1. So which residues in the range 6-36 are under 19 Å from residue 83 (Cα atoms) and not in a loop (DSSP other than H, G, I, E, B), if there are any at all?
2. Looking at (1) of a type in the set (Gly, Ala, Ser); (2) under 13 Å from residue 20 (Cβ atoms); (3) open to solvent by 70 Å² or more (accessible area, probe 1.4 Å), find the lone condition where residue 47 falls short.
3. Output the residues belonging to the range 56-73 that are free of Cβ contacts under 8 Å to residues at least 12 places away in the same chain, over 21 Å from residue 43 (Cβ atoms) and not in a strand (DSSP E or B).
4. Conditions: (1) within 12 Å of the chain's Cα centre (by Cα); (2) in contact (Cβ under 8 Å) with a residue 24 or more places away in the chain; (3) farther than 17 Å from residue 2 by Cβ. Residue 35 meets all but one. Number of the miss?
5. Look at residue 79 and say whether it is open to solvent by less than 20 Å² (accessible area, probe 1.4 Å), within 15 Å of residue 98 (Cα to Cα) and in contact (Cβ under 8 Å) with a residue 60 or more places away in the chain.
6. Being open to solvent by 20 Å² or more (accessible area, probe 1.4 Å), farther than 16 Å from residue 7 by Cβ, charged (D, E, K, R) and over 12 Å from the mean Cα position of the chain (by Cα): is that true of residue 63 here?
7. Out of the residues in the range 99-116 that are farther than 13 Å from residue 44 by Cα and under 12 Å from the mean Cα position of the chain (by Cα), state the one that is most open to solvent (accessible area, probe 1.4 Å).
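The values are calculated or read from the model by the stated rules, or taken from the named source; none is laboratory data. Everything quoted here is computed from the prediction, not taken from an experiment. Here Cβ is always computed from backbone atoms with ideal geometry, including for glycine, and neighbour counts include all displayed protein chains. To get the accessible areas, we keep the full protein, side chains included, count just its heavy atoms, and leave off ligands, DNA and RNA. Shrake-Rupley method; radii C 1.70, N 1.55, O 1.52, S 1.80 Å.
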Amino acid sequence: QFVESGGRWVQPGDSLSLSCLVSGFTFSSNAMSWYRVAPGKEREFVAGITNTGASIRYADSVKGRFTISRDNAKRTMYLQMSNLKPEDTAAYYCNLGYDVPIIGRWGQGTLVTVSS
């Protein structure tokens, strides 16, 4: 089970941190990743992190602005977002896997709205 949280309305240029709490899986053994679904668009990869955090990958659209991290003891993954843009407006989801989602059942997501 994935429980995403932290989304809210923010203004362009603001920062925001999202969390993903995982249960039902051995969190520390799995790579994890963030995805987002913008209005009228398909789900897209945002960032991925290996189980130890040794390897990280970002979509070009967020590189340099977003930071993915994880705390295996808390079974939680994070996405620190800075310099947010209106095009970052989307529902954000997490899943197992480095850059391809593994679990077909998604969480409820957390909505990030960036507008002035």
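1. First, pick out the residues of the range 6-36 that are under 19 Å from residue 83 (Cα atoms): 6-19, 34-36.
Once the filter is applied, which keeps residues that are under 19 Å from residue 83 (Cα atoms) and not in a loop (DSSP other than H, G, I, E, B), the range 6-36 yields 9, 10, 16, 17, 18, 19, 34, 35, 36.
2. (3)
3. Correct list: 64, 73.
4. (3)
5. Working: open to solvent by less than 20 Å² (accessible area, probe 1.4 Å): yes; within 15 Å of residue 98 (Cα to Cα): yes; in contact (Cβ under 8 Å) with a residue 60 or more places away in the chain: yes.
Answer is yes for this residue.
6. Numbers: open to solvent by 20 Å² or more (accessible area, probe 1.4 Å): yes; farther than 16 Å from residue 7 by Cβ: yes; charged (D, E, K, R): yes; over 12 Å from the mean Cα position of the chain (by Cα): yes.
When the stated conditions are applied, residue 63 passes them.
7. Checked the range 99-116; the qualifying residue most open to solvent (accessible area, probe 1.4 Å) is 111.
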